[in-house]
Amino acid sequence: MMDFTRRRVLRGALDGGAVTLALPLLNCFLNGNGNALAAGKPMPIRFGTWFWGLGMTASIFVPKKAGADWELTEETQSWKNIKQNMNLFTGLTAFRDTDPNLCHYSGWVINMTGQSPKAGGDKPGETLDTTISNQVGRTTRFKTLTATATGDVRSTVSYESANAPTNPEVSPINFYTRLFGPDFQDPNAPTFTPNPKTMVRKSVLSGVIGEIKGLEREIGAEDKQRLDQYLTGLRHLERQFDQQLTKPDPIAACIAPKAVTSEPELGGEAKIVATRHKMMTDLMVMAVACDQTRVFNMNYSSASANTTKEGYEKPHHTTTHEERVDDKLGYQENCSWFTRRSLEAWAYYVEAFSKLKEGDGTLLDNMLIYAFTDHGYARIHSLDNMAAMTAGRAGGKVKTGLHIKAEGSTSGRIGYTIQRVMGLDINSWGARSNNTSKEFGEILA
């Protein structure tokens, strides 16, 4: 039997010269079960987030049953094809303790940092995706990728620090160019030529690191500590450059999509937002499949969502506050219409990852996606009875198809559980009432 390896290439001769041809990720490169590489190295596990604004209507959203036998409700009918690939959490609380309820802000900040902000614009810590990307995202071309369907560059729930938001991609054309333009290294290409621009950046960075090391001998202890933190970031960047200058392993699932040549219409009308969301999702799926990133974020809407409905005069946010509760239905009819469009987009997002085969399963099987919002009942800006979802099995570490009733416990439990699943060695997460060391053990395999 031939000795195949993950980097196996076919060698031959053409016109007297040697030629090589890289092979794609064939079954023979995997172990007998198809769930790891033949050498025993596990398939990469990715982490993603998905955000929608303005919560839901509990009376027609929350299933009556908990566990595996939960029913699709009036607002979640679009989840028929993804129910078994996701988990639903209800009854969560984002505790603000003595801090103010910063409308459309406190909730998602607590969900992503485990801490309550004290004022508008306050970022009490790096967001969950940043923490995880520092662990699993340093060897890919992009440490993290963020996109939004809103068309607004301010629509982000990802922060490196209080003063460093992760600006999202808003244009499908620009997103395609960034991912699959001239700087894209196709892992299945027969040849590999290192990007000259990356080589120059690596050379400059190496020189800078050398200069900084010399500076260390001339500064005090406090400055040295700050410099060490800075150097750590530079070394992470150096490893990313190394990765970009090394021929990537073949990936069978990686197929560069057709070039995006036209932008969707501008505006917040729900059909336009859905189109933009689909375009950005399809690009994000293939970016992950091609191992360009292992951490990613998608915003369907902003916290104060301005999505509009054709023939209806008010955007989603205004509707939550001004639409009366229908006497017969028992809820805000148009507000629920907007929520249903959001949840349809979530279904598309999850299903898009599940359709791509990877190893003996799908791309979704080797990731964990966290979906969250900013409020429980947006009409009164509540931070209790909030909902969240996860999708994917994280390489077999997570069970799916479950409805978990959180019974008022902190939403920080999801963030803590996710970090443990992603391999972070932490004993607790969050601050004050949101601090927790209790996983949602129901979903752990």
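General remarks:
- Qualifying residue in region 377-384 (condition: within 22 Å of Thr146 (Cβ to Cβ) and polar (S, T, N, Q)): no
- Helices (runs of 4 or more DSSP H) (entirely within region 47-136) containing at least 3 residues that are crowded, with 22+ Cβ neighbours inside 10 Å: 106-113, 128-136
- If you go through region 354-371 and pick out every residue that is assigned to a loop (DSSP other than H, G, I, E, B), touching a residue at least 60 places away in the same chain (Cβ under 8 Å) and within 16 Å of Met286 (Cα to Cα), you end up with 3.
- Some residue of region 302-320 being in contact (Cβ under 8 Å) with a residue 24 or more places away in the chain, more than 26 Å from the chain's Cα centre (by Cα), surrounded by 15 or more Cβ atoms within 10 Å (Cβ to Cβ) and not in a loop (DSSP other than H, G, I, E, B): yes
- Filtered by the rule that a residue be touching a residue at least 12 places away in the same chain (Cβ under 8 Å) and farther than 12 Å from Leu283 by Cβ, region 164-183 gives Thr166, Asn167, Pro168, Val170, Asp183.
- Scope region 421-445; condition surrounded by fewer than 17 Cβ atoms within 10 Å (Cβ to Cβ) and more than 17 Å from Gly408 (Cα to Cα); matching residues: Gly423, Leu424, Asp425, Ile426, Asn427, Ser428, Leu444, Ala445
- Of all residues in region 377-398, those being outside any strand (DSSP E or B) and either touching a Phe, Trp or Tyr at 6+ places or on another chain (Cβ under 8 Å) or buried (at least 23 other Cβ atoms within 10 Å of the Cβ) (or both) number 5.
- So Ala18, is it in contact with a strand residue (DSSP E or B) (Cβ under 9 Å, 6 or more places away or on another chain) and at pLDDT below 95: yes
- Qualifying residue in region 328-342 (condition: touching a Ser or Thr at 6+ places or on another chain (Cβ under 8 Å) and assigned to a strand (DSSP E or B)): no
The values are calculated or read from the model by the stated rules, or taken from the named source; none is laboratory data. In this text the structure is predicted, and so the values were computed from the model without any measurement. Methodologically, a virtual Cβ is constructed for each residue, glycine included, from the backbone with ideal geometry; neighbour enumeration extends over all protein chains shown.
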